[in-house]
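Read-outs throughout are calculated quantities, based only on the coordinates presented, and are distinct from any laboratory measurement. Values in this document were obtained by computation on a predicted structure and should not be read as measured data. So basically every Cβ, Gly included, is an ideal-geometry build from the backbone, and we count neighbours across all protein chains shown.
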């Protein structure tokens, strides 16, 4: 990353040398710390209604198995349709953290996990933008950019850890570039952790590679500038990148875990089409419009020569835009990658933070208010249970257990994760682990069945399905009602159960 416009002033502002009690108090109740507290409030308000995610449950179950058995499953152990097909445990460490949160505090512990990582994501994004832009006020715009595009994926899933590590990587690259190249040597440790938490590690390798590639160029074309790195800094990054690639092999599945993100993007075409978050971003939607506004604003600043654009920034912008447009879920990465660049481009539009003008008592009041709001926004155990009951087949699963229904079972796609957690004695048909179901052909079969592209009896007969658990909104509810050998035996506001009639 490029040096801050005024790095010495940032160091002086954020790292006062005096150790006196008064100066410590001033630092604690300073404007940047107040902003951090406000970002915690923003994160809390954003996620307090985002607890239930269909994939959260199978992540939780996997974490429980790993923690209690001290082994990492390498084959599917949840579904009867995949015939124990090999899987890639690409998020196992993140899943363990989710289970530990549940073990310590139940549903409230998982919500606290979401609070902590969402807050850490926004605060780390603000720190990155502060360092990169050199303007502690305008960095809030960058943090807002991180927040806006992260709302596409703020949930109890390991991807929060992965994207937090992406921000940490950008901070390390900036510090290595502008302060001391030895910061680059932390990258291998980061990637050894990252590959075991989330597949976004591959994006991190690409980002580091982009900075290394751009470090060899030296030119100026209008407002586009490419300053060549000094050889020592470049060589240190090259060594760190090589060690980072080697560190990727510190995972339980070797090369398969390293190549998994590439397999997902280029070979799991059916999942990309079937799962909404993998579909292209709808540019007429709110986040699509925001993406266009951010890009247009950034280039207008450059075109009007209010700021210069660096060569590595242009390459990152191109990659981030491709990610943001190609898949709605990767808008998360777009926001993180573009935030520091946007902050630097806008850094001259607003005067920098002056610590001598800090209203300490007002700051203290705001911080206390922020803490109160964050605590108040935290949902109660009753609210969390109600949220689960409204979105998951809780009552339907109780009915299945109480009446001892015999499988095999066919379930709707979004119910698979909850079934893995709440009813492991009933192997599911399909769930959010789209990769293993695409590899085995089950996802294609289920998609054709659910969209009436095939005879509905064919799939039910092939897998000898005895009962079906469907969402109340599923089109197959009406289809099964018309089939002579199927009978509806249960329904509530969100679930319906059909059982096969036996002659």
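What the table shows:
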read-out	value
Distant alpha-carbon pairs in region 392-500 (separation over 17 angstrom), percent	49 percent
Residue 488 versus residue 354: modelled label distance in nm, points set 7 Å from Cα along the beta carbon direction	7.0 nm
Tilt relative to the chain, helix 255-267 - C-alpha long axis, 0 to 90 degrees, to 10	80 degrees
Ranked packing of 406-415, 460-469, 310-319, 212-221, most packed first, by mean Cβ within 10 Å	406-415, 310-319, 460-469, 212-221
DSSP beta bridges in the chain [antiparallel fraction, %, rounded to 5]	70 percent
Angle between the chain longest axis and helix 159-178 axis [Cα atoms, degrees, rounded to 10]	20 degrees
Degrees between helix 139-150 axis and first principal axis of the chain (Cα, 0 to 90, nearest 10)	10 degrees
For region 392-500: relative contact order, % (alpha-carbon pairs under 8 angstrom, 6 or more apart)	29 percent
CD proxy at 222 nm, helix term only [per DSSP H run n ≥ 4: -39500 (n - 2.57); per residue of the chain; nearest 500]	-19000 deg cm²/dmol
Distance between region 40-60 and region 452-477 - C-alpha centres, whole angstrom	31 Å
Relative packing of 125-131, 99-105, which averages over residues the other C-beta atoms within 10 Å, highest first	125-131, 99-105
Answer label for Rg/Rh (Cα atoms, Kirkwood Rh) (calculated), chosen among (1) 1.08; (2) 0.96; (3) 1.02	(3)
Antiparallel bridge percentage (DSSP; both residues within region 366-503; nearest 5)	75 percent
